């Protein structure tokens, strides 16, 4: 019999267990995202009006990505309902672009994954988060058709008028250092942002004007006095050169500043020459004493992040939430637990995790808990995991998994029909046996895989002419036994999951 025929008999329009990844799961996205939660959801999500950090460890398939998607959805709804207490969401879940640029700036000897990640520091994380944040805000200020970041981050054009001159300067400085958009050239995008912010830069042209004025004055003097023989002496050229000395001194100064920024923002894609040209558009009065990420340290990054927070507060965002997920997927990590630790451990710093107005939601693989348990006292004093709303294991009870299965079946059901997992299984399969099976499956992904395989096995065991509408105990037990053996081999690393 056809599996669709089996589901249609129970009033289910599509297979509720066909998808395993929340990122691409239409049933979860369209129905369950607002109704199906892990029991620790409240602790992880917290209060958006006062963003806080949460650190969650969970095995593959436990629902970390689902929780990230749910948080993004709920934060967008919070922003719509609380216009005076909005939070700006940063999805820090694609590490590949940052790791690729980071590795490109290392020597050939250091580019091997183990050695490269040993060089990764906290300020690299801060640079990556600032890059995502600044690029997203810049997209919205420029009214890009497809801005980066979640759709709940909205900035109205009229809000730009609320920024004072210093905040406009700060936004342009942040864009110069961190805007990573590739939709147009770096310089043209920065100048377009400058025009949107209505930030005048004419005072930065004084040294060029001086050089041009001295050159024109020397030429005019020669023409007026008709002393053409002066052209054969070095004095006119020396005077004209001296007129350009202030400009050349500033070029030299900002060349080294731009070079330092491009070298120390190791996750960025800027080049020295365009960055130097942009930095020179700030007057000395505007940029003197302003922090730049030109040194390998966190101090400048904290100051720049504080500037970004000030800009967002003026634009109506009282907090920032950073969603960290999929740390095991970058090709430079390739699933290695040691390399995941090298990437993440610099982030576990209490000063960073407890930044006022910033909430980091770290959704991490369960394998990293072994490293946490083996750490020394210095690590715990620095990370203060006891203050970070830590969830040591994203566990699911059989009752919770049963509810998840029923919610998915109901989401795919016809109108006015209320099928359940119990309806699909034969009566001889007791409720106790169902819960025992769910206990062995542990997480939603294993539940979905097992149920899909169980329904396929049942459909293959019967013909269209003689359909059976409930799954027998024999099929249930044999399928569960095979799946459990395979999953045990995956857990022991003997086969791919």
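For the chain, take the longest principal axis of its alpha carbons; what is the angle in degrees between that and the long axis of helix 398-411, to the nearest 10 within 0 to 90?
80 degrees
With Rg and the Kirkwood Rh both taken from Cα atoms, where does Rg over Rh land for segment 36-116?
The Rg/Rh ratio comes out at 1.12.
What base-10 log of the normalised intensity I(q)/I(0) is obtained for segment 1-140 from the Debye formula, alpha carbons as equal point scatterers, at q = 0.17, 0.18, 0.19 Å⁻¹?
Taking Cα atoms of segment 1-140 as identical point scatterers yields -1.12, -1.18, -1.24.
Sort 136-145, 387-396, 59-68 by the packing proxy (mean of other Cβ within 10 Å over each peptide's residues), most packed first.
Taking the mean over residues of other Cβ atoms within 10 Å, the ranking is 59-68, 136-145, 387-396.
Can you tell me the convex hull volume per residue for segment 339-497, based on C-alpha atoms, in Å³ to the nearest whole number?
Hull volume over Cα atoms, normalised by residue count, gives 172 Å³.
When ranked by the protection proxy of mean other Cβ atoms within 10 Å per residue, highest first, what sequence do the peptides 91-99, 459-467 form?
91-99, 459-467
If the viscosity is 0.692 mPa s and the temperature 37 °C, what Stokes-Einstein diffusion coefficient in µm²/s follows for segment 71-226 when Rh is the Kirkwood radius over Cα pairs?
172 µm²/s
In segment 253-336, what is the volume of the convex hull around the alpha carbon atoms, normalised per residue and reported in Å³?
142 Å³
So what's the angle, to the nearest 10 degrees on a 0 to 90 scale, between helix 473-491 and the longest Cα principal axis of the chain?
The angle comes out at about 30 degrees.
Once the Cα atoms of helix 431-441 and of the chain are each reduced to a long axis, what angle between those two axes, in degrees from 0 to 90 to the nearest 10, is obtained?
Roughly 40 degrees, rounded to the nearest 10.
Test of understanding: ordering 52, 200 by Cβ neighbours within 10 Å, fewest first, what list do you get?
200, 52
Can you give the convex hull volume of the alpha carbon atoms of the chain per residue, in Å³?
197 Å³
Taking every Cα atom in segment 305-429, find the radius of gyration and the maximum pairwise distance Dmax, and write them in Å.
Considering segment 305-429 through its Cα atoms, Rg and Dmax are 21.1, 65 Å.
Roughly how many whole Å is it from the C-alpha centroid of segment 94-117 to that of segment 436-461?
Between the Cα centres of segment 94-117 and segment 436-461 lies a distance of 40 Å.
Fewest Cβ neighbours within 10 Å first, please rank 237, 452, 317, 178 accordingly.
By the 10 Å Cβ count, ascending: 237, 452, 317, 178.
Using Cα centres only, tell me the gap between segment 122-153 and segment 355-399 in whole Å.
For segment 122-153 versus segment 355-399, the Cα centre distance is 26 Å.
Give, in whole angstrom and from largest to smallest, the semi-axes √(5λ) of the equivalent ellipsoid of segment 309-381, with λ running over the eigenvalues of the Cα gyration tensor.
28, 17, 9
Based only on other Cβ atoms within 10 Å, what is the fewest-to-most ordering of 83, 295?
Ordered by Cβ neighbours within 10 Å, fewest first: 83, 295.
Could you work out the equivalent-ellipsoid semi-axes for segment 360-431, taking the square root of 5 times each eigenvalue of the Cα gyration tensor, largest first, in whole Å?
Its equivalent ellipsoid spans semi-axes of 42, 15, 8 Å.
Return the percentage of antiparallel bridges among DSSP beta bridges fully within the chain, rounded to the nearest 5 %.
The antiparallel fraction comes to roughly 5 percent.
Tell me the mean residue ellipticity at 222 nm calculated for the chain from its helices only (DSSP H runs of n ≥ 4, each -39500 (n - 2.57), averaged over every residue, nearest 500).
Theoretical 222 nm ellipticity from helices: -16500 deg cm²/dmol.
I'd like the distance separating the alpha-carbon centroids of segment 239-311 and segment 33-49, in whole Å.
The distance from the Cα centre of segment 239-311 to that of segment 33-49 comes to 42 Å.
Every number here is computed from the coordinates shown, using simple stated rules; none is lab data. Just so we're clear, the structure is a prediction, and the values are computed from it rather than from any experiment. Positions of Cβ are generated from backbone atoms using ideal geometry, with glycine treated the same way; all protein chains shown enter the neighbour counts.
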